[in-house]
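Okay, structure first, notes after.
The values are calculated or read from the model by the stated rules, or taken from the named source; none is laboratory data. Bear in mind that the values here come from a model prediction, so they are computed numbers and not experimental data. For neighbour counting, all protein chains shown are included, and Cβ atoms are generated from backbone atoms with ideal geometry for every residue, glycine included. In case anyone asks, the SASA skips ligands and DNA or RNA and just uses the protein heavy atoms, side chains included. Shrake-Rupley method; radii C 1.70, N 1.55, O 1.52, S 1.80 Å.
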Amino acid sequence: MRQRLILIDLARTLALAGMVVFHLTWDLDMAGFVPRGTAVSGFFWYFARIVAGSFIFLAGMGLWISHGEGIRWPAFGRRLAKIAAAAALVSAATYLAMPEVWIFYGILHSIAVSSILGLLFLRLPAAVNLALAALIFALPWFFSAPFFGGVLVWTGLSGTLPLTADFEPLFPWFAPFLAGMATARLFARYGVWSRIEPRETPLLRRLGWPGRHSLAIYLLHQPLLIGLVLSAAWLFAA
């Protein structure tokens, strides 16, 4: 199953909308337009995790849709290189802009690593991957060790959260990736895609356009939002 699905593009567009809402809230929080801590507490704490989980879940679905019937190594390599390069760019930019909370293992890093590990699970039955996803999700709540700190902090098993602006460690965030792979496999097996995939129309193509360019939008949206918020802060202070 390798065709592009408009439903996946639409889902990515929706996830992007959620990401923009959260990051705008974060920027307004930092600029003092909303009460301090709004973006990292209450509703927005959960909202951020739902949005991140949706991106990772959709990445897992995408891996199985593209490679579930056989790994297409050139296509996989090109996509992985793009994601890894974007992750490196995010790390470099945040290190220069805010070194005290720079992003060393954010959502793009998580998707890149999960994509590599996901290849090991492509042939497993969906039920097995769902069970593994549940175990991976639960493990950090039941096990941690100082050994997994330092250079292994990206595993999420150290028991402490590093000071960083974005952190989606392997445990538990590989769980939604595996769940996405399993869901895509089940959908293909039981013919769900053919029943829920809408007929492509000009409107749906437009709505799905952001989802087809999610990586570029991810990289560009936050600098634009920050610029808008800082401009607004300057105007209000003038």
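In the range 113-161, of all residues being outside any helix (DSSP H, G or I) and under 19 Å from the mean Cα position of the chain (by Cα), the one that is farthest from LEU80 (Cα to Cα) corresponds to LEU161.
Residues that are closer than 19 Å to ALA48 by Cβ and more than 23 Å from the chain's Cα centre (by Cα) occur at least once in the range 213-233.
Determine whether the range 96-113 contains at least one residue that is open to solvent by less than 20 Å² (accessible area, probe 1.4 Å), of a type outside the set (A, V, I, L, M) and under 19 Å from MET181 (Cα atoms). Scanning the range 96-113, I find at least one residue that is open to solvent by less than 20 Å² (accessible area, probe 1.4 Å), of a type outside the set (A, V, I, L, M) and under 19 Å from MET181 (Cα atoms), so the answer is yes.
Among the residues of the range 48-85 satisfying the criterion of being of a type in the set (Lys, Arg) and without any contact (Cβ under 8 Å) to a residue 60 or more places away in the chain, which is farthest from PHE137 (Cα to Cα)? The extreme case among them is ARG78.
Against the condition out of contact with any helix residue (DSSP H, G or I) (no Cβ under 7 Å at 6 or more places or on another chain), over 16 Å from ARG12 (Cα atoms) and open to solvent by less than 50 Å² (accessible area, probe 1.4 Å), how does VAL229 come out, does it pass? Against the criterion (out of contact with any helix residue (DSSP H, G or I) (no Cβ under 7 Å at 6 or more places or on another chain), over 16 Å from ARG12 (Cα atoms) and open to solvent by less than 50 Å² (accessible area, probe 1.4 Å)), VAL229 does not qualify. A residue that is assigned to a helix (DSSP H, G or I), farther than 30 Å from ALA92 by Cβ, touching an Asp or Glu at 6+ places or on another chain (Cβ under 8 Å) and at pLDDT 95 or above occurs somewhere in the range 208-217.
In the range 71-81 there is at least one residue matching the filter, namely being open to solvent by 50 Å² or more (accessible area, probe 1.4 Å), assigned to a helix (DSSP H, G or I) and in contact with a helix residue (DSSP H, G or I) (Cβ under 8 Å, 6 or more places away or on another chain).
Would you point out the residue of the range 93-112, among those that are assigned to a helix (DSSP H, G or I) and in contact (Cβ under 8 Å) with a residue 40 or more places away in the chain, that is nearest to PRO172 (Cα to Cα)? Applying the filter and picking the extreme gives SER110.
Given the conditions (1) touching a Pro at 6+ places or on another chain (Cβ under 7 Å); (2) under 23 Å from ALA75 (Cβ atoms), report the number of the one that LEU108 does not fulfil. Going through (1) touching a Pro at 6+ places or on another chain (Cβ under 7 Å); (2) under 23 Å from ALA75 (Cβ atoms) one by one, LEU108 breaks only (1). For the residues LEU139, LEU157, LEU161, LEU135, the requirement of being farther than 19 Å from ALA59 by Cβ and at pLDDT below 95 singles out LEU161. Filtering the range 188-201 to residues that are part of a helix (DSSP H, G or I), free of Cβ contacts under 8 Å to residues at least 12 places away in the same chain and open to solvent by less than 70 Å² (accessible area, probe 1.4 Å) leaves only VAL192. Looking at the range 45-61 only, could you name the residues that are charged (D, E, K, R) and touching a Lys or Arg at 6+ places or on another chain (Cβ under 9 Å)? Within the range 45-61, no residue meets the criteria. Under 7 Å between Cβ atoms, at least 6 apart or on separate chains: pull out the pairs that start in the range 155-178 with a residue that is touching a residue at least 40 places away in the same chain (Cβ under 8 Å) and end on any residue that is polar (S, T, N, Q). Matching pairs, first to second residue: ALA165/THR94; GLU168/SER110; PRO169/THR155; LEU170/THR155; TRP173/SER110; PHE174/SER114; PHE177/SER114; LEU178/ASN129. The selection criterion, being open to solvent by 30 Å² or more (accessible area, probe 1.4 Å), farther than 24 Å from ILE226 by Cα, at pLDDT 95 or above and part of a helix (DSSP H, G or I), holds for PHE57.
For the range 31-47, the criterion of being without any contact (Cβ under 8 Å) to a residue 40 or more places away in the chain, under 15 Å from the mean Cα position of the chain (by Cα) and open to solvent by 40 Å² or more (accessible area, probe 1.4 Å) is met by at least one residue.
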